[in-house]
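Let me begin by presenting the structure, written as structure tokens, before commenting on it.
Values in this text are rule-based calculations from the coordinates and carry no lab data. Values in this document were obtained by computation on a predicted structure and should not be read as measured data. Cβ sites come from the backbone with ideal geometry, for glycine too, and all protein chains shown count toward neighbours.
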Amino acid sequence: MSTMPETRELNDYDSEPVRYCSRCYSLKVKYDETLDSEYCGDCGCSDISEAPIEIWEEKYEKRYGHKFAVKNEDPRKTFIFGLTIEELKTKVYKSDKWKEVIKTIYPSFPGGLSKADAIILFFHHIVKENKLNDLKFLLLKLFKY
């Protein structure tokens, strides 16, 4: 099964120009049927421009002093670090990689437990041993959050 057409479609998509507000550079261009006109969904301006994505990105960065999409370099600022213990427990429990998560942090973790019992015991240990950050970093790595 070839993925060639999908790759070509992505490249064609990337080459499509973007429509943006000429005032605030927002990409939230809306269409009003009643007025038969486009307008900015952020500031309401009706002066809409069109350009290749690279040109729009340059204009946006020049105006605002940063790229539109900034990569978050600090993992502690990702949503996973804001989760409560119960939310983390739910994430691990619902994951099909739950055994891998447990064995990575505790290689000699006892086997033969039900999934629920293993998760409960696992969280008892990581909380007691202050390894929640180890779990969060592992989840970021495994699931690319």
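Data overview
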item	result
Degrees between helix 115-128 axis and first principal axis of the chain (Cα, 0 to 90, nearest 10)	90 degrees
Helical contribution to [θ] at 222 nm, DSSP H n ≥ 4, -39,500 (n - 2.57), averaged over the chain, rounded to 500	-14500 deg cm²/dmol
Separation of alpha-carbon centers, the range 17-79 and the range 81-113, rounded to whole Å	40 Å
Between 0 and 90°, nearest 10: helix 4-15 axis offset from the chain longest Cα axis	50 degrees
Per-bin percent of Cα-Cα distances, the chain [5 Å]	2, 8, 13, 12, 9, 8, 9, 10, 10, 9, 6, 3, 1, 0
Efficiency of FRET from Cβ geometry, Thr78 and Lys103, R₀ 22 Å, rounded to 0.05	0.40
Within straight-line cross-link reach of Lys136, lysines at Cα separation under 23 Å, skipping those fewer than 8 residues along the same chain	Lys71, Lys77, Lys89, Lys91, Lys94, Lys97, Lys99, Lys103, Lys115, Lys128, Lys144
Gain on full stretching of the segment that runs from Lys67 to Thr34 - 0.36 nm per residue minus C-alpha separation	8.4 nm
Shape metrics for the range 75-143, restricted to C-alpha atoms - Rg then Dmax, Å	11.2, 36
Distance in nm between pseudo-label sites at Tyr93 and Leu132 (7 Å out along the Cβ direction from Cα)	1.7 nm
